[in-house]
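Inspection log for the structure reproduced underneath, given as structure tokens.
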Amino acid sequence: MYKIIASTFWLGKNLVYLPTCLSTNNFASQLIFEGKAIEGTTVITSEQTAGRGQRGNIWESQADKNLTFSIILKPTFLAAEKQFDLSIAISNSIYEALAFLVPIGLKIKWPNDIYYKNKKIGGILIENQLQAKKIAWSVVGIGLNINQNSFETTKATSISEIVGKQMDLTILLESILSFIEVNYMQMKSSGTDKQKQNYLSNLYRYQENHQFIDLRNNSEAVFMGQILGIDVSGRLAIEKRGEIEYFRVKEVAFV
């Protein structure tokens, strides 16, 4: 179904296509475990039957309609405490690729979901293997709703629903991989200061007053707050009653 990617220097040149699989992240992780991993290897499937999202959620996707793939990276230049830098680079890359199709209304929802207005287009699941305080390997799982037009939830949408036409999956995959390669190499050579600025400027509800649920200590207390940014480790900084508090994944949610 997918041909060798021609628009990148190294990312996606080793392309593994699986007609169906449980999880592309699991398959990619197995390649690393078996010592068969090559940086830039991209594992893509037409039908993922047990896809995983953040917080252990199941990622549902109709066969042959969407993009479901995983990329193997070897970011040994990143210290373990800077794992979120990779998340920033990947999120920005997907945003930039899709912004050509959806120039208005596209956002990155912390930590790394892709939203159109208040509906989810896709998500990213990054699984890192650490060694000596460095990231030895990363498996970047990406699931994007592209040509699917029916969902079990009203909180999801697709590129096709937004623009009113079907997309060429191969062309869109090439574009996404090109942006990832550029941002990844930029991160490797000069860090993510500029990319962090771009991430914040496209962040969902950034610097807006909104209701949140504090999930720490099982409190589920609702509060009004404003997202001010993220710290080095990727924690979300929210102004709450005049003070800044930091939240990790699973510790806060939008109402």
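The values are calculated or read from the model by the stated rules, or taken from the named source; none is laboratory data. Quantities reported herein were computed from a predicted structural model and do not represent experimental measurements. Here the Cβ positions follow ideal geometry from the backbone for every residue, glycine too, while neighbour counts run over all protein chains shown.
For the reader, a short list of remarks on this structure follows.
- Applying the set (1) without any contact (Cβ under 8 Å) to a residue 24 or more places away in the chain; (2) closer than 24 Å to residue 81 by Cα; (3) crowded, with 17+ Cβ neighbours inside 10 Å to residue 161 leaves exactly one unmet item: (2).
- Residue within segment 85-102 that is under 19 Å from residue 47 (Cα atoms) and either of a type in the set (Val, Ile, Thr) or part of a strand (DSSP E or B) (or both) present: no
- Candidates 84, 77, 33, 27: the one that is among the aromatic types (Phe, Trp, Tyr) and free of Cβ contacts under 8 Å to residues at least 24 places away in the same chain is 33.
- Any chance residue 211 is modelled with pLDDT of 95 or more and more than 25 Å from residue 85 (Cβ to Cβ): yes
- Restricting segment 220-253 to residues that are more than 18 Å from the chain's Cα centre (by Cα) and among the basic types (Lys, Arg) leaves a set whose member that is surrounded by the most Cβ atoms within 10 Å (Cβ to Cβ) is 240.
Let's see how each residue does on (1) modelled with pLDDT of 95 or more; (2) among the basic types (Lys, Arg); (3) under 27 Å from residue 229 (Cβ atoms); (4) under 15 Å from the mean Cα position of the chain (by Cα):
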position	(1), (2), (3), (4)
106	yes, no, yes, yes
120	yes, yes, yes, yes
130	yes, no, yes, no
140	yes, no, yes, yes
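- Across segment 139-158, the number of residues qualifying as closer than 19 Å to residue 78 by Cβ and either surrounded by fewer than 17 Cβ atoms within 10 Å (Cβ to Cβ) or in contact with a helix residue (DSSP H, G or I) (Cβ under 6 Å, 6 or more places away or on another chain) (or both) comes to 3.
- Being free of Cβ contacts under 8 Å to residues at least 40 places away in the same chain, buried (at least 16 other Cβ atoms within 10 Å of the Cβ) and under 21 Å from the mean Cα position of the chain (by Cα) is a property that holds for residue 206.
- Residue that is nearest to the chain's Cα centre (by Cα), among those in segment 180-203 that are of a type outside the set (A, V, I, L, M, F, W, C) and either modelled with pLDDT under 95 or not in a helix (DSSP H, G or I) (or both): 202
- Residue count, segment 205-255 (criterion: in a strand (DSSP E or B) and at positive phi): 1
- Flag if residue 107 is farther than 29 Å from residue 37 by Cα and either free of Cβ contacts under 8 Å to residues at least 40 places away in the same chain or in a loop (DSSP other than H, G, I, E, B) (or both): no
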